[in-house]
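The values are calculated or read from the model by the stated rules, or taken from the named source; none is laboratory data. What you see is a predicted model; the values in this text were computed from it and never measured. Cβ atoms come from the backbone with ideal geometry, glycine included; neighbour counts cover every protein chain shown.
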Amino acid sequence: MQRAQLKEFYGYGLILAVLIIVQSYSVYVASTTDLSLTWKHYIGFGATALAGVLWAFRKPHYLFYALGLTLVLGYENLIGFTPSLDLTATRYYFNNMAFPVSYQDFSMYMLLIWAYVAHGRLRTMVQSLLVK
């Protein structure tokens with residue numbers, strides 16, 4: 001692999017390591033307190049395990065999509081990583097209808113780190129969509 005590809009690959013590994021540490025902490029908190037894990041946590045465990053397998057088999061192209069999708073689903077509060085699923089809620093208004101929107105802060109930060117690590121691949125994707 002070239003230098004840029006190695007930077008991207010090990011950046012994904014760092015993101016996965018942080019996710020695994022946070023999820024291990026979630027399991028620890030759930031086993032020592034009365035906080036219980038929900039189905040969102042278990043789906044998050046599975047998505048992280050899938051991304052970990054792709055990282056172990058050195059498939060950065062598939063890992064880009066799997067890790068990005070995992071973090072976007074976490075951002076949209078569909079899967080969980082942290083023990084308490086802290087989220088920020090707001091409302092968007094369209095005419096007189098209110099649309100409640102909530103997102104997880106931890107997933108947002110991890111998604112920003114993922115975008116920084118994968119900026120080269122994201123840039124080429126956007127350029128291929130816009131320039132023909």
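Taking the condition crowded, with 17+ Cβ neighbours inside 10 Å and more than 17 Å from the chain's Cα centre (by Cα), does residue 37 pass?
Numbers: crowded, with 17+ Cβ neighbours inside 10 Å: yes; more than 17 Å from the chain's Cα centre (by Cα): yes.
So residue 37 passes the test.
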Pick from the range 64-96, criterion buried (at least 19 other Cβ atoms within 10 Å of the Cβ) and among the polar types (S, T, N, Q), ranking: nearest to the chain's Cα centre (by Cα): 70
Test set (1) among the aliphatic types (A, V, I, L, M); (2) out of contact with any helix residue (DSSP H, G or I) (no Cβ under 6 Å at 6 or more places or on another chain); (3) touching a residue at least 40 places away in the same chain (Cβ under 8 Å) - residue 110 fails condition number: (2)
Conditions (1) of a type in the set (A, V, I, L, M, F, W, C); (2) over 26 Å from residue 125 (Cα atoms); (3) surrounded by 13 or more Cβ atoms within 10 Å (Cβ to Cβ); (4) modelled with pLDDT under 85; number of the one not met by residue 99: (3)
Filter pass, residue 46 being in contact (Cβ under 8 Å) with a residue 12 or more places away in the chain and not charged (D, E, K, R): no
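Please state which one of 110, 125 is surrounded by 10 or more Cβ atoms within 10 Å (Cβ to Cβ), closer than 27 Å to residue 32 by Cα and either modelled with pLDDT of 85 or more or more than 15 Å from the chain's Cα centre (by Cα) (or both).
Details: 125 fails: closer than 27 Å to residue 32 by Cα.
Of the residues listed, the single one that is surrounded by 10 or more Cβ atoms within 10 Å (Cβ to Cβ), closer than 27 Å to residue 32 by Cα and either modelled with pLDDT of 85 or more or more than 15 Å from the chain's Cα centre (by Cα) (or both) is 110.
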Helices (runs of 4 or more DSSP H) (entirely within the range 3-91) containing at least 3 residues that are among the small types (Gly, Ala, Ser) and either modelled with pLDDT under 85 or over 20 Å from residue 112 (Cα atoms) (or both): 3-32, 39-56
